[in-house]
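Okay, so here's the structure we're looking at.
The values are calculated or read from the model by the stated rules, or taken from the named source; none is laboratory data. Values in this document were obtained by computation on a predicted structure and should not be read as measured data. Heads up, the Cβs are rebuilt from the backbone with ideal geometry, glycines too, and the neighbour counts pull from every protein chain shown.
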Amino acid sequence: MLFFVKPGVGQNDNSMIIARKLTEIGYEVYVSDEFNFESPFRMSTEDIEKIKISDIVISVGGDGTMLKTAKIAVMHDKPVLGINTGRVGFLTGFKFEDIETIIRNDIDSLIISSRLLLEANNYLEKNTKPLTAVNDVVIHKGVAPKTAELAIFADEALIGEYRCDGFIVSTPTGSTAYSLSAGGPLVFPELDSIIVTPISAHSLSARGIVLSKDCRIRITATENNKIELFLSVDSGQTVLMGTEASVEVKKSKKRLKLLTNSKTDFFELIRQKIIRGE
């Protein structure tokens with residue numbers, strides 16, 4: 001079995017500890033370079049060749065590192081295991097201090113949690129490359145002091161027009177992230193659905209909505225919109241869309257294969273990470 005280990009920034013030492021423990025047991029391990037902030041998805045030819053023949057990709061860091069690693073793993077249809085050395089760790093389900101137990105006892109008992117992904121397209125420019133999201137796609141006004149004027153559609157049916165700071169279109173995996181902070185619902189991560197949550201809507205009746213995984217969601221600037229809008233994916237990639245923006249979001253054909261174990265309890269994670277803040 002070959003492991004491809006991807007360190008987050010400052011995680012080379014921890015990655016080498018993990019690699020050494022895996023090697024001691026008899027596994028083959030390849031440790032990549034740390035993520036580069038300027039080009040997080042640029043990989044060397046050697047990295048690409050190694051990940052193609054790997055059985056498992058290991059992310060070492062926090063949820064930010066995991067989001068980047070997950071996209072690399074998805075590109076090559078590889079399962080990914082998250083080792084948490086950060087703070088929150090919803091995606092990185094295993095603690096670094098438990099690595100010995102995981103490697104020696106739990107590798108064979110790991111199970112794949114298949115997660116829905118989203119892809120976002122510029123609706124006005126059909127030939128642009130779609131952006132893939134593990135957590136969420138966000139259409140927002142940036143730092144502008146005014147509200148945006150947006151209309152939202154599900155399968156071309158108008159849901160409503162809103163004055164707001166933007167919209168979050170989230171996967172169930174991402175329901176514990178920005179969507180939650182904006183008042184969106186918690187959704188069980190393996191439930192295939194799409195969550196749409198307004199950001200700071202200028203209305204007492206504006207609420208989030210949970211839609212079918214097969215819905216095509218379109219968010220469009222109305223004629224009254226006067227501010228430039230941005231498209232952000234997983235709190236990372238950001239694209240300036242202009243004042244006449246129109247973005248389509250739908251489920252991706254690809255899935256994230258997230259490795260967990262049978263002891264993983266989503267509701268315990270909620271109690272631990274959100275309620276108790278551990």
Give me a count of the residues in region 86-110 that are over 17 Å from P172 (Cβ atoms), in contact with a strand residue (DSSP E or B) (Cβ under 6 Å, 6 or more places away or on another chain) and of a type in the set (A, V, I, L, M). 2
The correct count of residues that are outside any strand (DSSP E or B) and within 14 Å of L118 (Cα to Cα) in region 201-234 is 5
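Residues checked against (1) free of Cβ contacts under 8 Å to residues at least 24 places away in the same chain; (2) small (G, A, S):
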| site | (1), (2) |
| --- | --- |
| I51 | no, no |
| S54 | no, yes |
| T65 | no, no |
| T101 | yes, no |
| S114 | no, yes |
When only residues in region 23-37 that are of a type in the set (V, I, T) and over 28 Å from S235 (Cα atoms) count, which is surrounded by the fewest Cβ atoms within 10 Å (Cβ to Cβ)? I25
So which residues in region 11-22 are surrounded by 13 or more Cβ atoms within 10 Å (Cβ to Cβ) and over 18 Å from I72 (Cβ atoms)? N14, M16, I17, K21, L22
Residues within region 235-257 that are at pLDDT below 95, assigned to a strand (DSSP E or B) and under 15 Å from the mean Cα position of the chain (by Cα), tallied: 2
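Here is a yes/no grid of residues against (1) in the same structural domain as V138 (by TED's automatic domain parsing); (2) surrounded by fewer than 18 Cβ atoms within 10 Å (Cβ to Cβ); (3) over 23 Å from S109 (Cβ atoms); (4) among the hydrophobic types (A, V, I, L, M, F, W, C):
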| site | (1), (2), (3), (4) |
| --- | --- |
| I219 | yes, no, yes, yes |
| N224 | yes, yes, yes, no |
| D234 | yes, no, yes, no |
| G242 | yes, yes, yes, no |
| S246 | yes, no, yes, no |
| V249 | yes, no, yes, yes |
| F267 | no, yes, no, yes |
Do the conditions hold for V187, that is, is it under 17 Å from the mean Cα position of the chain (by Cα) and either exposed (fewer than 15 other Cβ atoms within 10 Å of the Cβ) or in the same structural domain as S232 (by TED's automatic domain parsing) (or both)? yes
Matching residues in region 102-127 (under 22 Å from T222 (Cα atoms) and either of a type outside the set (K, R) or in contact with a helix residue (DSSP H, G or I) (Cβ under 7 Å, 6 or more places away or on another chain) (or both)) number 6
Kindly evaluate R87 against the criterion of being modelled with pLDDT under 80 and either closer than 29 Å to V187 by Cβ or polar (S, T, N, Q) (or both). yes
For strands (runs of 3 or more DSSP E) lying entirely in region 74-175, having 3 or more residues that are in contact with a Phe, Trp or Tyr (Cβ under 7 Å, 6 or more places away or on another chain) and surrounded by 22 or more Cβ atoms within 10 Å (Cβ to Cβ) picks out 80-84, 136-140
For R87, work out the one condition from (1) charged (D, E, K, R); (2) touching a residue at least 60 places away in the same chain (Cβ under 8 Å); (3) under 22 Å from D136 (Cβ atoms) it doesn't fulfil. (2)
Unique residue being at pLDDT below 95 and at positive phi when the list is G208, G142: G142
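Okay, residues lined up against (1) modelled with pLDDT of 90 or more; (2) of a type in the set (S, T, Y); (3) touching a Pro at 6+ places or on another chain (Cβ under 8 Å):
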| residue | (1), (2), (3) |
| --- | --- |
| G8 | no, no, no |
| S15 | yes, yes, yes |
| Y27 | yes, yes, no |
| E38 | no, no, no |
| R42 | no, no, no |
| E49 | no, no, no |
| S54 | yes, yes, no |
